Amino acid sequence: MNKSNKLKLTQAFPRLLHANKETNTFFIECGDGWYDLIYKLCSDIEEVLTANCTTDDDWPHALQVKEKFGGLRFYISRSHKNAVSMPAPGLVEVRPISDVDAIGDLIEAAEAKSFDICEDCSAPGKLYQESWWHVKCDACEAIYRKKREEFLKG
C-alpha cells in the first residue's frame, strides 16, 4: 500500500493502527485496492469497541495487515496483561472481553470479501492460484502477467 493511504488509515484509526514513530505510517503489506475494505473494517471494529465502552487499556492494536494466499489477513491483539489465546479467525490474544465474537465476525467477513476485490485497483476481481496466489481484475492481471514475463526473460 502506498505511503499516503497508510498515513490516511493511521490518522483515521490511531488507536487501532499504531503508526511507526519514525515514518508516521503503519506497516501494511497489501495493495491499494483493499484500502476501502480495510478502512471499513477498522471503522466497524472501532464502532463495536465504542459501543462496548472499551477502555484505552483494552483497546486492541493491529499486529499485521497483509495479503496471504491471495486474501486479506488482519491480525489484532489486546495488551498482553489480560491476554489468552483465542481460536477466532484473525484474532490473537484477546480475552477477557465481550466483543471477541463480533470483531472476529467482522474480520472474517472482510477477509472473505477480499477474494472478490482486485488488490491493485479495487475493481471486481478473482483469485488466481498460479505460482503466487493473488486477486486481480482482468486488466490488472494482464499487467501482472506482462511484467512477470519481462522479469522471467531477464
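The values are calculated or read from the model by the stated rules, or taken from the named source; none is laboratory data. This structure is a prediction, so every number in the text was calculated from the model and none was measured. Ideal geometry is used to build each Cβ from the backbone, glycine not excepted, and the neighbour counts take in all protein chains shown.
Does region 114-128 include one or more residues that are closer than 25 Å to F27 by Cβ, at pLDDT below 95 and hydroxyl-bearing (S, T, Y)? For region 114-128, residues closer than 25 Å to F27 by Cβ, at pLDDT below 95 and hydroxyl-bearing (S, T, Y): absent.
On the stretch given as region 117-138, residues that are surrounded by 13 or more Cβ atoms within 10 Å (Cβ to Cβ) and part of a helix (DSSP H, G or I) total 0. Of everything in region 34-81, what is basic (K, R) and either over 17 Å from the mean Cα position of the chain (by Cα) or closer than 27 Å to P124 by Cα (or both)? Give them in sequence order. Within region 34-81, K40, K66, K68, R73, K81 meet the criteria.
Selection of first residues in region 40-54 that are farther than 22 Å from E111 by Cα and of second residues that are in a helix (DSSP H, G or I) and not hydroxyl-bearing (S, T, Y), restricted to Cβ pairs under 6 Å at least 6 apart or on distinct chains, gives an empty result. Total residues in region 16-36 satisfying the condition of being at pLDDT 95 or above and surrounded by fewer than 21 Cβ atoms within 10 Å (Cβ to Cβ): the figure is 3. Considering region 49-60, and only residues there that are surrounded by 14 or more Cβ atoms within 10 Å (Cβ to Cβ) and not polar (S, T, N, Q), the residue that is modelled with the lowest pLDDT turns out to be D58.
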